[in-house]
Amino acid sequence: STHPTLVWLRRDLRLHDHAALELACRDGAPVLLAFVFDPALLAPLPRQDRRVDFILEALQDLERQLRLRHPDLGLIVRHAPPREAIPALVREAGATRLVYAHDDDPYALARDLAVQAELPRDIRVESVQDVTVFERRGLLTGQGKPYTVFTPYKNAWLRAVTAAHLAPRAPRLEHLAASPLATGLPSLADLGFEPTDLHARFRGGATQAQAQWDEFRRERLAGYADQRDFPARKGPSYLSPALRFGLLSIRELAREAWARREAPGAAVWLSELIWRDFYHQVLHHHPGVVEGPLKPEYAAIHWEEGAEADAHFAAWCAGQTGYPLVDAAMRQLNQTGYMHNRLRMVTASFLCKSLGLNWQRGEAYFAEKLLDFELASNSGGWQWAASCGCDAQPWFRIFNPVTQSEKFDPDGAFIRRYVPELASLPSPALHAPWSARPVELGGLVLGRDYPRPVVDHAEARARTLARYGVVKRVA
Ligand code: FAD
């Protein structure tokens, strides 16, 4: 038929190895690409939001790539509720087929159902797996149940995966067609947003993401296992925002890691990609993790509340807790929209196990600030830190922020970068300035130039053990 197929792009902002686009291009009909800015998602965001900036960059890159293929090609972009915009576009384009990739975020599932309900009956709607290697009921236990512990899941993943799972979904892009509906991209201002300081390494959409991935796979993947835990080093890939918005294909990344899995760097990195699949399937099977703990008995915990708790939370957010590694990490998040994985674990543990605050407050703060914010991984990571989620982490394991600092930022290079007021302290003192000798502090006055610790860690630890004691009684 000559009726066009509409591909609705959502979190797959690239043209290569693209499951929805590949499916759309199979039958030879002309293919149009649409993206919708959803007011329901944009409205609650602060007017400066790096993610909106990031998405717009990614769309600009897509538009550039399309124009390079043919000057008449372009993206169709709308700023309206999808349940109105998509049916309108289908009508205006005369499309008979709508194709998009699965998105198992509960909001997205509801949105997609609402869109389908508004479409004329004779429109063929097809959705396809793209975001993860395995999803939904793709990997189940011998009893047909979803996995809730990572290691057995990972073992099953490694047994089940084949070259076919990881093969590129290469679209026949010659079927992309021009459309009068493609009238150019909105600006940030059109969307009601202001420019941000989006960190330089995250600019440039899929083209830039591909260059970043090339650099990581050639230069750094081999050393990943040794380097990844030290926030001052360029150890991890920094590809999480690219994965969040599908600037890269997970298949491409996993294919390379899997091919090199006999080497320690690639094997450890592949494990991280499997964590990503794991948390996505947890969210699919247990959408309640968005609202509360996976293990219901943990809902009985009483978290600190009131004015002092609020002050502690504000200090945590601002990177003013008096614990240098925690503060450096929170300032990295605030300044760049990224936080190193080791530090996500340290700051999350600090919030719920040192400050005794409800982990959901921290989860919400990360959700607001992270450029790579991913509902499945953020909820999984926070519940891991609070010991109320999937994994076998016992609740009495409490990170000591000073020990973590000595171990993972031994010479204080990371702390000095983000907490400049401490930059001249010698290394051992830097990790716990309150126990430094006056000569080590130089002119620094605690409580004036840098906060005293907001809590005493040993006391906090004892309070946490008591707090979590209710879990034992309920369970
Ligand atoms: P790399 O170390 O290079 O890892 C490669 C990729 O593997 C990452 O890009 C990511 O997609 C995936 N990955 C790595 N670790 C994990 C993990 N533990 N769980 C799931 N996927 C993982 N990751 C997010 O993408 N979005 C989040 O909102 C998020 N919130 C988190 C909150 C907490 C409290 C914790 C402890 C972890 C969170 N993570 C989250 C997981 C992890 O910290 C980040 O994926 C990682 O730091 C991203 O940096 P990178 O791309 O350089 O990672």
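The values are calculated or read from the model by the stated rules, or taken from the named source; none is laboratory data. On a predicted model such as this, the values are computed, not experimentally measured, just so you know. In this analysis, Cβ positions are derived from the backbone assuming ideal geometry, glycine residues included, and neighbour counts consider all displayed protein chains.
Worth pointing out:
- Of the criteria (1) away from the ligand (no atom under 13 Å from the Cβ); (2) in contact with an Asp or Glu (Cβ under 9 Å, 6 or more places away or on another chain); (3) part of a loop (DSSP other than H, G, I, E, B), which one TRP303 fails: (2)
- Filter pass, ALA182 being touching a residue at least 24 places away in the same chain (Cβ under 8 Å), of a type in the set (A, V, I, L, M, F, W, C) and assigned to a loop (DSSP other than H, G, I, E, B): yes
- Which numbered condition ASN341 fails, given (1) in contact with a helix residue (DSSP H, G or I) (Cβ under 7 Å, 6 or more places away or on another chain); (2) within 14 Å of the ligand (Cβ to nearest atom); (3) among the polar types (S, T, N, Q): (1)
- Of the residues making up the range 379-407, those that are more than 10 Å from the ligand (Cβ to nearest atom), of a type in the set (A, V, I, L, M) and either crowded, with 21+ Cβ neighbours inside 10 Å or not in a helix (DSSP H, G or I) (or both) are ALA392, ILE398.
- Selection status of VAL133, touching a residue at least 40 places away in the same chain (Cβ under 8 Å), under 30 Å from ARG260 (Cβ atoms) and not polar (S, T, N, Q): yes
- Count - residues of the range 1-26 that are more than 23 Å from LEU109 (Cβ to Cβ) and either modelled with pLDDT under 95 or under 26 Å from the mean Cα position of the chain (by Cα) (or both): 5
- The residues of the range 278-288 that are within 14 Å of the ligand (Cβ to nearest atom) and surrounded by fewer than 23 Cβ atoms within 10 Å (Cβ to Cβ) amount to a single one, LEU283.
- Flag if ASN334 is closer than 28 Å to PHE54 by Cα, more than 12 Å from the ligand (Cβ to nearest atom), assigned by TED's automatic domain parsing to the domain that holds ARG417 and surrounded by fewer than 18 Cβ atoms within 10 Å (Cβ to Cβ): yes
- Residues located in the range 253-270, provided they are outside any helix (DSSP H, G or I) and touching a Leu at 6+ places or on another chain (Cβ under 8 Å): ARG260, ARG261
Let's see how each residue does on (1) more than 20 Å from PHE278 (Cβ to Cβ); (2) touching a residue at least 24 places away in the same chain (Cβ under 8 Å); (3) aliphatic (A, V, I, L, M); (4) not assigned by TED's automatic domain parsing to the domain that holds SER349:
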site: ARG361; (1), (2), (3), (4): yes, yes, no, no
site: LYS369; (1), (2), (3), (4): yes, yes, no, no
site: GLY389; (1), (2), (3), (4): no, yes, no, no
site: PRO401; (1), (2), (3), (4): yes, yes, no, no
site: GLU406; (1), (2), (3), (4): yes, yes, no, no
site: ASP409; (1), (2), (3), (4): yes, yes, no, no
site: PRO420; (1), (2), (3), (4): yes, no, no, no
site: SER427; (1), (2), (3), (4): yes, no, no, no
site: ARG437; (1), (2), (3), (4): yes, no, no, no
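- Top-ranked residue in the range 350-378 [being near the ligand (Cβ under 8 Å from one of its atoms) and small (Gly, Ala, Ser); ranked as surrounded by the most Cβ atoms within 10 Å (Cβ to Cβ)]: GLY362
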